[in-house]
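This report refers to the structure that appears directly beneath it.
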Amino acid sequence: MAEGVGVQTARFDSSELTRFTAAVLERVGVPPIRAARAATTLALADTRGVSSHGVARLGYYVSHIQQGTIDPASSLKVVRETTSTVVFDAHDGLGISLAPEAMDACIVRAETAGVGFCTVRHSSHFGIGAAYVLPAARRGLGALAMTNAGPLVVPAGGGSAMLGTNPIAFAVPVGDGEPPLVLDMATSTVAWGKIEIARRAGKAIPSGWALDEQGLATTDPFAARWLTPLGGDHDGGGHKGYGLATVVDVLCGPLAGSLWGTHLASVQRPGSRPGLGHCFLAWRIDAFRDPQEFGHDLRQLLAELRSAPAAVGSRGVLAPGDPEIEAEAHHEVAGIALDAQVVIDLQRLADHLSVSPPQPRP
């Protein structure tokens, strides 16, 4: 197995990573306001400990823009709309900079009509789903966000990829000064970014994550070609992850008027226009019940989960999103540690585009 660097050598403030990312995206043609929003999303991923979707992905966006497969200046265009729904066409734009605007529209409709439902067609990778549901929850709304992705995941019983990692994100306000409850998960066993992290570190991946070119299970990240659906094989419940991924593809593909499955570009087919679709949903809590009563019951539910008896050798039961909350608190104090190879890649990107590189903490 080839060796990777896989060590953390420097820590950065989130604000510094945001500044650098925005400057890079502006340099390749992304309008300043949209570059800033995209940069915020990438920094949020690193802050929440989701390094697979953080600044390590910046080079991916830049390369697609420079290859012409993503139009950095594209804007959202309304295709059709009602009081509570809207369909946007991103026209091969940068998803991570345009999708926040689509979620804004969804939130506005939810606040006025009670529920907002929005889809986006002909887009590209939009970063972490939490970046879309968190703003809604902080405004007192419930929210869902989904996107399809290029074929990397083998369906239950299959031997080659037919679906993407197709993540689902969910958030609701908890109230009483507590952060929102957030679930942000791929419908595959892991995201492809975890394979990239293992490659940089030169470390084996756990059994059950991936398959090689022949469709056989592998623990070598460099041999990994396909990912397994959430649950792994059929005996492990892989058909459930496969089913969830299909639901996401229906909402983000045929319903949104975008592509799906094997029709989408993927990391295995660079140079193709991404063609992804997104789906956003937001709703007012008071459309269903009193928000204070909802918050009271939700806090009791979370307290019961966290106080459940721990399994032997376990740190105890966590509520969805607890690790990300802990990561945010830690990184705000200690800074964000980046893999040495990521730091090198960012420096090369800075040199290539004549942008001031991110400055680590003293």
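The values are calculated or read from the model by the stated rules, or taken from the named source; none is laboratory data. The shown structure was predicted, so the numbers you read here are calculated from the model rather than taken from an experiment. Heads up, the Cβs are rebuilt from the backbone with ideal geometry, glycines too, and the neighbour counts pull from every protein chain shown.
Observations, loosely collected:
- Looking across region 111-145, the residues that are among the hydrophobic types (A, V, I, L, M, F, W, C), crowded, with 24+ Cβ neighbours inside 10 Å and under 18 Å from SER84 (Cα atoms) come down to CYS118, VAL120, VAL133, ALA136, LEU141, ALA143, ALA145.
- Test: residue in region 195-204 that is assigned to a loop (DSSP other than H, G, I, E, B), within 19 Å of GLY159 (Cβ to Cβ), modelled with pLDDT of 95 or more and outside the structural domain of THR83 (by TED's automatic domain parsing): no
- Test: residue in region 240-263 that is among the charged types (D, E, K, R), part of a helix (DSSP H, G or I) and over 28 Å from VAL154 (Cβ atoms): no
- Residue in region 246-255 that is modelled with pLDDT of 95 or more, among the polar types (S, T, N, Q) and closer than 24 Å to MET146 by Cβ present: yes
Every residue, every condition in (1) closer than 21 Å to GLY49 by Cβ; (2) free of Cβ contacts under 8 Å to residues at least 60 places away in the same chain; (3) outside the structural domain of THR47 (by TED's automatic domain parsing); (4) touching a strand residue (DSSP E or B) at 6+ places or on another chain (Cβ under 8 Å), yes or no:
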position: GLY116; (1), (2), (3), (4): no, no, yes, yes
position: HIS122; (1), (2), (3), (4): no, no, yes, yes
position: PHE126; (1), (2), (3), (4): yes, no, yes, yes
position: GLY129; (1), (2), (3), (4): yes, yes, yes, yes
position: ALA137; (1), (2), (3), (4): yes, yes, yes, yes
position: LEU141; (1), (2), (3), (4): no, no, yes, yes
position: SER160; (1), (2), (3), (4): no, no, yes, yes
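- Odd one out for PHE280 among (1) modelled with pLDDT of 95 or more; (2) of a type outside the set (A, V, I, L, M); (3) in a helix (DSSP H, G or I): (3)
- Qualifying residues in region 215-229 (those that are hydroxyl-bearing (Ser, Thr, Tyr) and either touching a residue at least 40 places away in the same chain (Cβ under 8 Å) or not in a loop (DSSP other than H, G, I, E, B) (or both)) - the one nearest to SER160 (Cα to Cα): THR228
- In summary, ASN148 fulfils each of the numbered conditions (1) in contact with a strand residue (DSSP E or B) (Cβ under 9 Å, 6 or more places away or on another chain); (2) surrounded by fewer than 24 Cβ atoms within 10 Å (Cβ to Cβ); (3) over 19 Å from THR21 (Cα atoms) with the single exception of condition (2).
- Qualifying residue in region 335-354 (condition: in a loop (DSSP other than H, G, I, E, B), in the same structural domain as THR47 (by TED's automatic domain parsing) and farther than 18 Å from ALA45 by Cβ): yes
Residues are listed down the side, and each one gets a yes or a no for (1) over 15 Å from the mean Cα position of the chain (by Cα); (2) farther than 21 Å from ALA137 by Cβ; (3) of a type in the set (Val, Ile, Thr):
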residue: GLY175; (1), (2), (3): yes, no, no
residue: GLU178; (1), (2), (3): yes, no, no
residue: VAL182; (1), (2), (3): no, no, yes
residue: ALA186; (1), (2), (3): no, no, no
residue: ALA198; (1), (2), (3): yes, yes, no
residue: GLY202; (1), (2), (3): yes, yes, no
residue: GLY208; (1), (2), (3): yes, yes, no
residue: ASP220; (1), (2), (3): yes, yes, no
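- Residue in region 298-315 that is touching a Ser or Thr at 6+ places or on another chain (Cβ under 9 Å) and either among the polar types (S, T, N, Q) or not in a helix (DSSP H, G or I) (or both) present: no
- Here GLY208 meets each of (1) in contact with a helix residue (DSSP H, G or I) (Cβ under 8 Å, 6 or more places away or on another chain); (2) buried (at least 20 other Cβ atoms within 10 Å of the Cβ) with one exception, condition (2).
- On the stretch given as region 61-109, residues that are surrounded by fewer than 17 Cβ atoms within 10 Å (Cβ to Cβ), on the phi > 0 side of the Ramachandran plot and touching a residue at least 24 places away in the same chain (Cβ under 8 Å) total 1.
- Index of the failed condition, SER314 passing every other in (1) touching a helix residue (DSSP H, G or I) at 6+ places or on another chain (Cβ under 6 Å); (2) over 18 Å from ALA161 (Cα atoms): (1)
- Only one entry of ARG109, ARG34 meets the criterion of being modelled with pLDDT of 95 or more, basic (Lys, Arg) and closer than 30 Å to HIS331 by Cα, and that entry is ARG34.
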